[in-house]
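In what follows, a structure is listed as structure tokens, so that the remarks can point back to it.
The values are calculated or read from the model by the stated rules, or taken from the named source; none is laboratory data. As the structure is a computational prediction, the values presented were derived from the model and not from experiment. Here the Cβ positions follow ideal geometry from the backbone for every residue, glycine too, while neighbour counts run over all protein chains shown. Quick note on the areas: whole protein, heavy atoms, side chains included, nothing else; ligands and nucleic acids left out. Shrake-Rupley method; radii C 1.70, N 1.55, O 1.52, S 1.80 Å.
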Amino acid sequence: MSAKPRVKVPKTAAAGDIITIKTLVKHTMESGQRKDKEGNVIPRKIINKFACEFNGNPVFSADIDPAVASNPYFEFKARVSESGTFKFSWTDDDGTVIDTEKKIEVS
Amino acid sequence: MNLQRRKLLGGTVGIATVGLLGGAANALAAPEDVAAAIKAIAGDAEIGSGMITLTAPEIAENGNSVPISVSVDSPMTDDDYVASVSIYAEGNPLPEVVTFNFSPASGVASASTRMRLAQTQNVVAVAKMSNGSVFSDTRNVKVTIGGCGG
């Protein structure tokens, strides 16, 4: 599964601004509740953790349960006071981590 | 001939009823589970209302993807901010949905996502502030097509 996350962060902002960040990653988020044609339970496989950091400091994170819809989408806010890099990471049940970065210029 | 047909019909209805009941008894979370989970977050703190707003559609046509958002009234400074907001669904197989962890760097405590709803039910959001106080908000969402597989 080659998941390419989609993240929307404004390229520029004024110091002290509160910006909106939107993130989406492709993932089936198999809930562990569904059954296949033979009646066997399809094992759970979801993204269980999402985290956003700015210049190494945690901004926002989410502990995710199977009730979050497939292709998990999160929208949240951040207050920026300096230029820097947002780091985003999604952790799968199997331990793989999908990550990406976005830079922002703050004036 | 006619009698047999009646019997057959009766039998079918009987089986169908058993099937339906079996489905309903399929280990769904109960409001008590949600209450217990909230108690675990709140501890001894009293659960207040206000401060937190949960936004969800009144009617969700597709339970597989229901947009929800929460926002909490807070200055979000270093010593007064929203630590976390947890979302619970009273009628899903598992009551937990998601927990958002905020920080002073969030600026505003608001977040949106999309969730699954198995049936018409209450969705509860619980906010925990940095000072330990707890607030909650509940919305009833009517679901046309449930979204938890089966």
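Summary table
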{"read-out": "At most 15 other Cβ within 10 Å, DSSP loop - GluC sites (Glu not before Pro), the range A:9-107", "value": "A:Glu38, A:Glu82"}
{"read-out": "Cut-off 13 Å, label 7 Å out along Cα→Cβ of A:Ser81, residues of the range B:88-120 by amide N", "value": "B:104-107"}
{"read-out": "Convex hull per residue volume in Å³, alpha carbons only, for the protein assembly as shown", "value": "147 Å³"}
{"read-out": "Rounded to the nearest 10 Å², the accessible area of A:Thr28 at probe 1.4 Å", "value": "90 Å²"}
{"read-out": "Relative contact order computed over the range A:5-106 (Cα-Cα under 8 Å; 6+ residues apart), in percent", "value": "33 percent"}
{"read-out": "Square roots of 5 times each gyration tensor eigenvalue, C-alpha, chain A, largest first, Å", "value": "33, 11, 11"}
{"read-out": "Reachable aspartates and glutamates, given that their alpha-carbon falls under 16 Å from the alpha-carbon of A:Lys11 and they are not under 8 places away in the same chain", "value": "A:Glu82, A:Glu101, A:Glu105"}
